[in-house]
Amino acid sequence: MAEPLKYIYDGMFLEQFAARMKGAWSPFDENRFLALVRGDDWESLELKARTRRITESLGKTLPADYREALDVLYLVDESCTGFPYLFFPDFVELFGMAEADWTHSMEALERFTQRSTAEYAVRPFILAQSERMAAQLLKWAEHPNEHVRRLASEGARPRLPWAPALPMFKRDPSPVLPVLKRLKADPSLYVRKSVANHLNDIAKDHPDLVIGIAKRWKGDNPLTDWIVRHACRTLIKRADPEIMELFGYTGGGADAAPLVEEASLKLSREVIALGEDVILRYAFTPAGEDGSGEPLKLRVEYGIDFVKSGGKTSLKRFLLSDREFEPGKRAEGTRTHRFADLSTRKHYAGSHVFTLWVNGVEVARSGLMLEDPKAGM
């Protein structure tokens, strides 16, 4: 299993960064900075807390004047590239929120995001002044650097993972739609992924809005078509009739004719322990007579009702296949699923239900008991 991300700040990272600061600005107190960062509770801190600890320690060892402190950071930031240097934009978030510092903070975020990412640091500014920031985001959407253009979309996502939500944009995303429109044919895949994810976020609260955008944008440009397809993935999982039709899927839904004549889902084991694997064997026959009729475009998924910490369950679906199938011709396959904990999912013992889905309709199910070998020890 990979080490937790928080360990990026261990080893020689902090010493090397402190030495770089000292080399660029002689008053920098390396020893004090390292002592402040590695307080008594350093080992217990997770990633975000460690990042903030570094930011706070810089605040105590750089000039007290915010703009002078930025000038010092500008001496080294071009050589500080990558995810570990999130504390550069975090410095702006923590110390640059004053109205008098607005222009300097926007310049700093624009600069720092080009070597790390300011997608988290920009959100307090959006929460504080959403209309003003909407204009700033639109300006960034025209920037020649792809990282800045991505910030215009990613920083304003209403449901950005591992970040505070933006309730004003969850209620009404219209202020940021001009930003997304400006980026809808961006040459950078990095930017287009963000636009697609942003629209997918919006679809969870305003599906009709995203359906309308998808219909207007689809066919404009191959780059835009890529965004539209990925932006509608939640709507496709929900088997929204308009979206399914837009992307050419064969009709489905509770009121439509069945898409499969028979289906089965079998598991290699009925009981496994946390961390072990189970093999799914699935099969189904698309509706229609073998060798006749038009191919059926089907999205085939398997779902698991994961047990949560409180005992309730939550359904998560995983893609098996998304293609055309011949009517009446049996299709089958296997997939291995491992119940190992991830950074995004922790597993709990209990009864897990596996389901097979075709174009958003459940067609088969099976059960699995997940046991904790440490229980009762």
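The values are calculated or read from the model by the stated rules, or taken from the named source; none is laboratory data. Everything numeric here is computed off the predicted structure, so don't read it as measured data. Don't worry about glycine lacking a Cβ; one is built from the backbone with ideal geometry, like all the others, and counts go over all protein chains shown.
Structural remarks
- Restricted to the stretch 135-220, the set of helices (runs of 4 or more DSSP H) holding at least 2 residues that are within 26 Å of residue 82 (Cα to Cα), out of contact with any Asp or Glu (no Cβ under 7 Å at 6 or more places or on another chain) and at pLDDT 95 or above comprises 146-154, 177-182, 189-205.
- Some residue of the stretch 231-241 being loosely packed, with under 14 Cβ neighbours inside 10 Å and either outside any helix (DSSP H, G or I) or of a type in the set (Phe, Trp, Tyr) (or both): no
- Residue in the stretch 26-45 that is under 19 Å from residue 108 (Cα atoms) and buried (at least 16 other Cβ atoms within 10 Å of the Cβ) present: no
- Test: residue 71 is in contact (Cβ under 8 Å) with a residue 12 or more places away in the chain, over 30 Å from residue 185 (Cβ atoms) and either in contact with a Pro (Cβ under 9 Å, 6 or more places away or on another chain) or assigned to a helix (DSSP H, G or I) (or both): no
- Scanning the stretch 151-165 for residues that are of a type in the set (A, V, I, L, M), crowded, with 22+ Cβ neighbours inside 10 Å and in contact (Cβ under 8 Å) with a residue 40 or more places away in the chain yields 151, 156.
- Within the stretch 1-55, tally of residues that are in a loop (DSSP other than H, G, I, E, B), in contact (Cβ under 8 Å) with a residue 40 or more places away in the chain and more than 30 Å from the chain's Cα centre (by Cα): 2
- The set of residues from the stretch 331-361 being surrounded by fewer than 17 Cβ atoms within 10 Å (Cβ to Cβ) and either at pLDDT below 95 or in contact with a helix residue (DSSP H, G or I) (Cβ under 6 Å, 6 or more places away or on another chain) (or both) comprises 340, 341, 342, 343, 344, 345, 346, 361.
- The listed residue being over 30 Å from the mean Cα position of the chain (by Cα) and buried (at least 17 other Cβ atoms within 10 Å of the Cβ), out of 75, 62: 62
- In the stretch 129-150, the residues that are free of Cβ contacts under 8 Å to residues at least 24 places away in the same chain reach residues that are in a helix (DSSP H, G or I) with C-beta atoms within less than 7 angstrom, at least six apart or across chains, in these pairs: 133/125; 133/126.
- Consider the stretch 315-347 and keep the residues that are assigned to a loop (DSSP other than H, G, I, E, B) and among the acidic types (Asp, Glu). The one that is farthest from residue 257 (Cα to Cα) is 341.
- Cβ-Cβ contacts under 9 Å between residues 6 or more apart (or on different chains), taken from a first residue in the stretch 181-199 that is in the same structural domain as residue 138 (by TED's automatic domain parsing) to a second residue that is of a type in the set (Asp, Glu) and modelled with pLDDT under 95, are listed as 184/220; 185/220.
- Yes/no for residue 368 being within 30 Å of residue 241 (Cβ to Cβ), in contact with an Asp or Glu (Cβ under 8 Å, 6 or more places away or on another chain) and either assigned to a strand (DSSP E or B) or of a type in the set (Ser, Thr, Tyr) (or both): no
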